[in-house]
Structures are given as structure tokens and as C-alpha cells.
Amino acid sequence: MPRYQAPLADIRFVLEDLLRVEQLATLPGYEDATPDLIFPVIAEGARLCEEVLFPLNQSGDAEGCRLEKGRVFTPAGFPAAYRAYIEGGWTRLACAPEDGGMGLPELVYFVMEEMVSSANLAFGIYPGLSRGVYNAVRRHGEESLKRRVLPRLADGSWAGTMCLTEPQAGTDLGLVRTRAEPDGAGGYRITGTKIFISAGDHDLTENILHLVLARLPDAPGGSHGISLFLVPKIQVRDDQGTLGTANAVSCGGLEHKMGIRGSSTCVLNFDGAAGWLVGQPHKGLPAMFTMMNAARLAVGLQGLGLAEVAYQHALAYARDRLQGRALKGARYPNRPADPLIVHPDIRRMLLTMKAYNEGGRALAYWIGLHLDHEARHPDLRTRQAAGELVALLIPVLKALLTDLGFEVANLALQIHGGHGYIQDNGIEQYVRDARITQVYEGTNGIQALDLVGRKLPQATGRLLRHFCHPLAAELEELGRDGADPVLAALAAPLAKAFGRFQQATVTIAIRGLADPDEAAAAASDYLRLFGLVALGALWLRMARVAQEKLAAGATNPLYRGKLDTARFFMAKLLPQTGALFAAIQAGAAVVMDPEDERF
Ligand SMILES: Cc1cc2nc3c(=O)[nH]c(=O)nc-3n(C[C@H](O)[C@H](O)[C@H](O)COP(=O)(O)OP(=O)(O)OC[C@H]3O[C@@H](n4cnc5c(N)ncnc54)[C@H](O)[C@@H]3O)c2cc1C
């Protein structure tokens, strides 16, 4: 049977040993966020995920959501689990104290996001979107609007959604047609149809706040003419947030989909619905990006969470299932056959999953720490540098961890053989659930274009330097005579891959200036190359910490495991960078030359 146990030992290793999480409490506003507070909070979150959310994962998938007389109902158990979620204060975790939040660091929220996604991704989408709306209104909303809605989003009694997509406007939001007309009393009336809206309607909260992209009457065409509105499902009467009558928003249908079936995906019709403007007129997309950037990081964590739970299933199965004998003779002669885990190909798959998951966790939490530095560090330059590094890595984290989440879920299914393909065993759900993470919040192809088209050239390449300079210094140090031989052996292949990455960056920059197709045709290969180098950097740092701990007499087997997995990553996974480099160098002509009719 499927099982999930939050990987608390590895989470602690990353937070405590690698990232030195105690530094968070030195940041203004985070004084209480000491390890003594953070780790019990995480342990309590793990308990909720294991005992409350995970048991509803398979049943929620089987039952799905239903639409009855215009109202959406989530699967059995979801409303009670949501009550437990808000009573535990989990919606308040990283919200500001003035809104009734706990004001804990983003990094702690990252850990919770990963665990919730492992336990029940479909459930996690509901509070996840509310958190995005909270951030966007907090950053861009007027004071009176903030007073009305933020405490309700923080305490979880109201939820949120993000309404961008329309039938003709997916990736290209410049095609949005939904209209907004001033109502003459300071508000707006919103009219149009949005599709694919996650958590668009449900029975978990008394109200839902939709963040909607729409056009004002005088709006210029394209993406520069889009404004952002907050449209409540039930109208809000006053500053205290008392509820009035139903707004003119209705759920016109529920999508039947491949995965995340416990999450409602709605067609939403706005028929002159009352709404508030958020931010400046015609500046809706930049404001929405506050939400989308956070959401992209969250979707990366969804990929990681699914990869983790899939790995746990596969590992348990590989220890349990008896098939064949080890090639060099029986390892468990008292049993009718050896367990799968003795076979080299199974070990290759397990180590691939472990290397991607633990590397991905280190990368994600490292970015989470930089988010906290961006928000709270007293030094302006440190704040700016942290913000630029995060901006650079958002598309990498989103695309890399969701692609790997799908690959890892597939490997987990493969380890289960035919049993993985059978619904009752629960593994195929992870493959289905993981697939959407590569698509929503901007497809992974669009993430790659964002990386090469916007993030690399920004500030004449300064964003990339925040990543490259420290890594170059580390690699140089470990390449010198007298360096620790274990670490030097890990650093050598990474130095080679890093060289390829730097050369690929120059290629794309130079060729892309002359011909934008050159950058675009190489973008996905480049993002994966970057992602593998970033995982390599984190693996080197983890190996370094483990080596220091072992040298100081530590006996925790986790440290040996880190060195084993780092060795596997550098030897078996990092060499993919060679093929990616060659594909990047091949240029755009091989992609663009064939006439459309020749496909
Ligand atoms: C389950 C689910 C939940 C969702 N939740 C939400 C939600 O809550 N709110 C919301 O607003 N939307 C939501 N979406 C919509 C989702 O974000 C879009 O489906 C996604 O952004 C892609 O848009 P599209 O489907 O129209 O594909 P298209 O934009 O038609 O793209 C099709 C393909 O072409 C590629 N492509 C498009 N343009 C370019 C280009 N310029 N260059 C290169 N390649 C390009 C894309 O990468 C993709 O591979 C959800 C979708 C699903 C399925």
C-alpha cells in the first residue's frame, strides 16, 4: 500500500547543516524563528500531512470534484481536512502578524509546501492559491482593500484563485478579452469567461476571491492593456469584511482531467461581477507576476513533493518484492529470491531518484533562504543580490523540478513493473498528477524562454554572475593541490560541466543577439544544462558538509549516504550536460529550416 513519511532527517540536514537555518533569526522581523521554533513547527506539519492529508489522496483522486446546481463539492474528507488545516494555523504560517499571521520565514513555508504536495497535491492547490492572492494584494492592493481581505485570507476562512486563462488566451495573455467597466462608484464590473481556473469554486471556505486579468474600456491592445481586479464570489459589505449577497460569478462547468482530480478546475463566468482594481490601470500583468513568481516556485515544490513520495513507494517496493537473484550469487539465500534492490538497474533508478530529489530539495530550500534575505536582510545590496538570484532561478526551479518530478514518478512506476500500472497500487496517480506541473503556471518551454530571453540579458548578465562567481571560486579552491581528495574528485566533473554551461551561455548570448530563434531553439536544452549544474553545485556543497561532519567523528549514516549519492550524481547524471551542450551548439537551423509543410 502507498505510504508517506515526511523526510524529516533530510529536511533537517538541508536546513541545519547546509543552510545554517539559525541565521534566519538574525534577520529583522524573524527574531523568533529560531531552530527551536522551526523544527517543532515542521514536525507538526509533517504529522498533519502524514495523518490527515495523505489518507485522502487516493480516495480524492477516485472520487474527484462534482458540480451540483452550480455549486462545486470537493471529495469526501476534504472539507474536514481543510478545517484541520486552518485550525492548525497552516494558512497563517508565512502571513504578516498585522494580518493575523505567524510571520514565519518563506523557507518554512517551502518545507510545508513540499510536504503537502507529497501527501496530497490536489488538496494543497486550494490553500496554495490563497497564499498567492494574499501576496499579490498585500503588495499591490490599496489599504482599505488590504484591511478587508488579508485577515480572511490569512486565517483561511476565505480562499483565492488566479484567473488568467481564456479559451483564446493561454500562454499569450495579450489576447485576454474579459472586460472591466467602471461602475461610477469607485468599483468595476467584470464581464467575460475564464477557463481552467483551479479552485474556481469549492465547499472549503465561505468566500472565494478571484484575481482576474481584464481590460478597461480605454486599454491599449496587447499585454500592456491588461489590468488586475479582485472579484469576490460573495460581495463584501464593509471594512470588517462582512459578507453580503452573491456576486455575478458562476461556475459554468468542471473539467474532467488526467490528474489532480481532487482539485476543482472550473469554467468561470463573470457577468458584470463587482470587483476592485488591484494596482495601477493597465499594469495588471506586472502585478499578477507577484503571484505568478511565487506560484512558479510553489509548482517547483509540487514537482519535488511528488518525486519524494514516488521515491518512497519505489524504495519500499524494491526492498519488499522478491524477483531473481543477484548476479554474483544470492544475497538473501534464505528467501525464495532476492529483493529487487540487489539488481544494478533497479539501483540505478533508485539512485537517480534519490540524487534528483535530495539535490532538488537543497536547491529549492537554498532559493527559499534567498527569498527571506531579499525580504528581510538589513543590507540593501544583499537584498538586491538575493532578489536577483531568485529571479534568475525561478524558471529553472519551476521547469527542472517539475520535469524531474515527472521523470521520477515514471521511474517509480517502472520499479513496480506491471503492478505500477494498476490503479490500486497508487503509483500511476503520481505520474498523472505530476504531468500538469510541467504545463500550468507557464509551460516549461515558456520558463526556458523566460530564462534565455529575459533573465540572462537582464542588467547585462548580472543575475547570472550571482550564481556563477561563488561556484567558480568553490571549484577553483577544490581544484588546487592539497584539496580534500574526496571533494576534489567530485569537483572535477562539475568543473567540466560548469565550463560547458559558461560556454553555452556565451553561445546563446552572441547568436541570440543576431537571431532570436537561436536563443529560443536552444532554450530548453540550456535550462536543463543550467539545472544540472545547479544541482551539481548543491551536491558538492552537501558533500562538503557531510565530509566535514564525518571528519569530526559524526556517525549518522545520512552523511555517508550524501557522499555516495554525490558520487553517483557526478558520475552518472551530470554527464548529460555533454549531450545538452552539443545540442545547444547545433544551432537553430536544424530546427527552423524545414518548411512547415514538410512536417
Ligand atoms: C489542470 C489545470 C489547471 C490550471 N489552472 C489554472 C489557473 O488556476 N488559472 C489560470 O489562469 N490558468 C490555469 N490553467 C491554464 C494553464 O496555465 C494553461 O493551460 C497554460 O498556461 C498553457 O496555456 P494553453 O493551455 O492555452 O496552451 P497554449 O498557450 O496554446 O500552448 C500550447 C503549446 O505551445 C507552446 N507555446 C505557446 N506559445 C509559445 C511561444 N510563444 N513560444 C514557444 N512555445 C509556445 C506552449 O509551451 C505549449 O507547449 C490550468 C490548466 C490546467 C490544465
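Only the Cβ atoms of Lys and Arg (+1) and of Asp and Glu (-1) were treated as charged; on that basis the dipole of segment 159-282 about its Cα centre amounts to roughly 240 debye.
A simple rule links phi to the HN-Hα coupling: the Karplus curve 6.51 cos²θ - 1.76 cosθ + 1.60 with θ = phi - 60°, which for segment 181-188 gives 10, x, 8, x, 10, x, x, 9 Hz, with x for Gly and Pro. In this structure the amide hydrogen of Val236, modeled in the peptide plane, comes within under 5 Å of the amide hydrogens of Gly244, none closer than 5 places in sequence on its chain.
For the chain, the calculated P(r), taken from all Cα-Cα distances in 10 Å bins from zero up to the bin holding the longest distance, is 3, 16, 27, 27, 18, 7, 2, 0, 0 percent. Which cross-chain or sequence-distant (5 or more) residues have an amide H under 5 Å from the amide H of Gly279, H modelled 1.01 Å from N in plane? Close amide H contacts, sequence-distant or interchain: Glu142. Of interest is the spacing of the C-alpha centroids, which for segment 514-534 and segment 150-183 amounts to 31 Å.
If the chain linking Gln384 and Ala552 were pulled fully straight, counting 0.36 nm for each residue of separation and taking away their Cα-Cα distance, it would gain 56.9 nm. Label zone of Arg147 (point 7 Å out along Cα→Cβ, amide N under 16 Å): in segment 94-114 this covers 98-100. Using only Cα coordinates, the Kirkwood hydrodynamic radius of segment 243-309 works out to 15.4 Å. Couplings 3J(HN,Hα) of segment 267-278, computed from phi: 8, 10, 9, 10, 10, x, 6, 6, x, 10, 6, 10 Hz, in residue order, whole Hz [Karplus 6.51 cos²θ - 1.76 cosθ + 1.60, θ = phi - 60°; x for Gly and Pro]. Model label points for Ala459 and Glu51, set 7 angstrom from Cα along the Cα-to-Cβ axis, are 4.6 nm apart. Considering only Gly531, Leu456, Gln429, the residue lying farthest towards the positive end of the dipole of segment 406-556 is Leu456, judged by Cα position with unit charges set on Cβ.
Relative to the current alpha-carbon distance between Ala246 and Ala96, full extension at 0.36 nm per residue lengthens the span by 51.1 nm. Backbone amide hydrogens, once placed in the peptide plane, bring Gly253 within less than 5 Å of Val267, excluding anything fewer than 5 places away on its chain. For segment 8-143, the spread of Cα positions along the three principal axes, ordered from largest to smallest, is 53, 42, 21 Å.
Dipole orientation for the chain: of the candidates Val108, Ala519, Thr565, Thr565 has the Cα lying most toward the positive pole (charges on Cβ; Lys, Arg +1; Asp, Glu -1).
In a simple Cβ point-charge model (Lys, Arg +1; Asp, Glu -1; nothing else charged), the chain has a dipole of about 880 debye relative to its Cα centre.
Shown here for segment 62-144: GluC sites (Glu not before Pro) in loop regions (DSSP other than H, G, I, E, B) with at most 15 other Cβ atoms within 10 Å, namely Glu142. In sequence order, segment 41-49 has phi-based couplings of 4, 5, 5, 5, x, 4, 5, 4, 5 Hz under the Karplus curve 6.51 cos²θ - 1.76 cosθ + 1.60, θ = phi - 60°, and Gly or Pro positions carry x. For segment 22-85 and segment 324-341, write down the distance between their C-alpha centroids in whole Å. Answer, in whole Å: 41. Full extension of the chain between Asp320 and Met258 yields a length gain of 19.4 nm, computed as 0.36 nm times the residue separation minus the alpha carbon distance.
Simple rule: put +1 on each Lys or Arg Cβ and -1 on each Asp or Glu Cβ in the chain, find the dipole, and look at Gly587, Pro336, Leu363; the Cα lying farthest toward the positive end is Pro336. Its relative contact order, with pairs defined as Cα atoms under 8 Å and 6+ residues apart, puts the chain at 13 percent. Candidate cross-link partners of Lys354 among the lysines, defined by an alpha-carbon separation under 30 Å and a same-chain spacing of 8 or more, comprise Lys257, Lys328, Lys398, Lys455, Lys496, Lys549, Lys562, Lys572.
Principal axis extents of the Cα atoms in segment 445-594, from largest to smallest and rounded to whole angstrom, are 59, 30, 28. With the simple spin-label model, which puts each label point 7 Å out from Cα in the Cβ direction, the Asp481 to Val439 separation comes to 5.9 nm. For segment 492-599, which GluC sites (Glu not before Pro) pass both filters: DSSP loop (anything but H, G, I, E, B) and at most 13 other C-beta atoms within 10 Å? Passing both the DSSP loop test and the Cβ count: Glu595.
Only the coordinates and a few stated rules stand behind these numbers; no lab work does. Since the structure is predicted, the reported quantities are computational estimates derived from the model, not experimental observations. Neighbour counts are summed over all protein chains in view; Cβ atoms, including those assigned to glycine, are modelled from backbone coordinates with ideal geometry.
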